[in-house]
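Trainee: Before we start, here is the structure in question, set down as structure tokens.
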Amino acid sequence: MKETRFPKLVLLVNGLVPLTLLLWDVYRKQVGANPLEFVTRTTGMLTLVFLLISLAVTPLRRITGLNWLTRFRRMLGLFAFFYGSLHLMTYIAFDRFFHLTTIPGDVAKRPFIAIGMTAFFLMLPLAITSTDRMVKRLGGKRWMRLHRIVYLSGVLGVLHYYLLVKSDVRLPMTFAFLVVVLLGFRIFAKYYSTPPRSTASLFPPSQ
């Protein structure tokens with residue numbers, strides 16, 4: 001599969017569909033009794049979904065032999081970062097009302113916020129270094145080492161979700177299981193099989 005322009009356009013449109021539906025629900029006031037909680041949890045959920053889909057690309061490629069799947073990994077990773085940014089901005093704008101000085105005290109009371117912020121800020125350098133130019137600038141080995149922190153971001157994101165839910169933890173535990181499976185596959189592929197030519201990364205350079 002050499003031409004990916006149209007599939008990428010389809011992915012772009014579908015990646016924005018959840019945001020469109022969320023905005024439509026907000027406009028129609030179909031967001032329950034607590035709109036802030038609804039928007040916050042929805043954007044957080046979308047962040048984890050796109051994060052896990054992007055991490056699943058490499059295992060799927062290795063299992064199926066469909067190497068062209070890696071061409072969509074960067075866009076999936078950037079969508080994870082995009083929804084993570086919306087998740088953080090929802091908290092800053094509608095929970096803290098841009099009163100940044102109140103955030104440290106809130107974090108002290110609710111440590112899961114610090115965990116979530118750490119997960120987000122770990123994705124920031126990955127997004128910044130997702131271009132071909134940055135790969136050349138950093139060098140291949142250094143770039144690959146940097147992008148391995150995506151798994152730590154995933155683990156912290158799931159922990160953030162788990163601590164937030166408190167009661168019904170079935171969904172967070174499902175995400176945790178998927179992260180363990182994907183990380184386990186990565187470890188198995190590294191130590192018990194021949195490494196592939198392309199590397200697993202949330203934000204790979206364009207191909």
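Residues are listed down the side, and each one gets a yes or a no for (1) assigned to a helix (DSSP H, G or I); (2) under 18 Å from residue 155 (Cα atoms); (3) at pLDDT 95 or above:
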| site | (1), (2), (3) |
| --- | --- |
| 19 | yes, no, yes |
| 57 | yes, yes, no |
| 72 | yes, no, no |
| 103 | yes, no, no |
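Trainee: Return the only residue of 52, 48, 23, 36 being at pLDDT 90 or above, part of a helix (DSSP H, G or I) and more than 27 Å from residue 156 (Cβ to Cβ).
Mentor: Result of the check over 52, 48, 23, 36: 23.
Trainee: Kindly list, by first and then second residue, each pair from a residue in the stretch 139-151 that is farther than 19 Å from residue 175 by Cα to a residue that is of a type outside the set (A, V, I, L, M, F, W, C), limited to pairs with Cβ atoms under 6 Å and residues at least 6 apart or on different chains.
Mentor: The qualifying pairs are 144/199; 147/201.
Trainee: Report yes if some residue within the stretch 1-10 is buried (at least 16 other Cβ atoms within 10 Å of the Cβ) and of a type in the set (Lys, Arg); otherwise report no.
Mentor: no
Trainee: Just the residues that are touching a Ser or Thr at 6+ places or on another chain (Cβ under 7 Å) and within 19 Å of residue 48 (Cβ to Cβ), please, taken from the stretch 87-112.
Mentor: Once the filter is applied, which keeps residues that are touching a Ser or Thr at 6+ places or on another chain (Cβ under 7 Å) and within 19 Å of residue 48 (Cβ to Cβ), the stretch 87-112 yields 87, 90, 91.
Trainee: Of all residues in the stretch 11-44, which are free of Cβ contacts under 8 Å to residues at least 60 places away in the same chain, among the hydrophobic types (A, V, I, L, M, F, W, C) and buried (at least 16 other Cβ atoms within 10 Å of the Cβ)?
Mentor: Residues satisfying the conditions are 22, 31, 38, 39.
Trainee: Would you be able to say whether some residue in the stretch 177-198 is in contact with a helix residue (DSSP H, G or I) (Cβ under 6 Å, 6 or more places away or on another chain), assigned to a helix (DSSP H, G or I), polar (S, T, N, Q) and surrounded by 13 or more Cβ atoms within 10 Å (Cβ to Cβ)?
Mentor: no
Trainee: Working carefully through the options 91, 83, find the one that is in a helix (DSSP H, G or I), within 30 Å of residue 4 (Cβ to Cβ) and among the hydroxyl-bearing types (Ser, Thr, Tyr).
Mentor: Among 91, 83, only 83 is in a helix (DSSP H, G or I), within 30 Å of residue 4 (Cβ to Cβ) and among the hydroxyl-bearing types (Ser, Thr, Tyr).
Trainee: Which of the residues belonging to the stretch 92-119 are surrounded by fewer than 19 Cβ atoms within 10 Å (Cβ to Cβ) and under 22 Å from residue 150 (Cβ atoms)?
Mentor: 112, 114, 117, 118
Trainee: Of the conditions (1) modelled with pLDDT of 90 or more; (2) on the phi < 0 side of the Ramachandran plot; (3) more than 21 Å from the chain's Cα centre (by Cα), residue 116 clears all except one; give me its number.
Mentor: (3)
Trainee: Could you tell me whether the stretch 46-55 includes any residue that is over 27 Å from residue 188 (Cβ atoms) and either touching a residue at least 12 places away in the same chain (Cβ under 8 Å) or surrounded by fewer than 16 Cβ atoms within 10 Å (Cβ to Cβ) (or both)?
Mentor: Within the stretch 46-55 (the criterion being over 27 Å from residue 188 (Cβ atoms) and either touching a residue at least 12 places away in the same chain (Cβ under 8 Å) or surrounded by fewer than 16 Cβ atoms within 10 Å (Cβ to Cβ) (or both)), the answer is yes, since at least one residue qualifies.
Trainee: Which one is nearest to residue 51 (Cα to Cα), of the residues in the stretch 125-144 that are surrounded by 12 or more Cβ atoms within 10 Å (Cβ to Cβ) and more than 18 Å from the chain's Cα centre (by Cα)?
Mentor: 143
The values are calculated or read from the model by the stated rules, or taken from the named source; none is laboratory data. What you see is a predicted model, and the numbers here were worked out from it, not measured in a lab. Cβ coordinates were reconstructed from backbone atoms using ideal geometry, including for glycine residues, and neighbour counts include every protein chain displayed.
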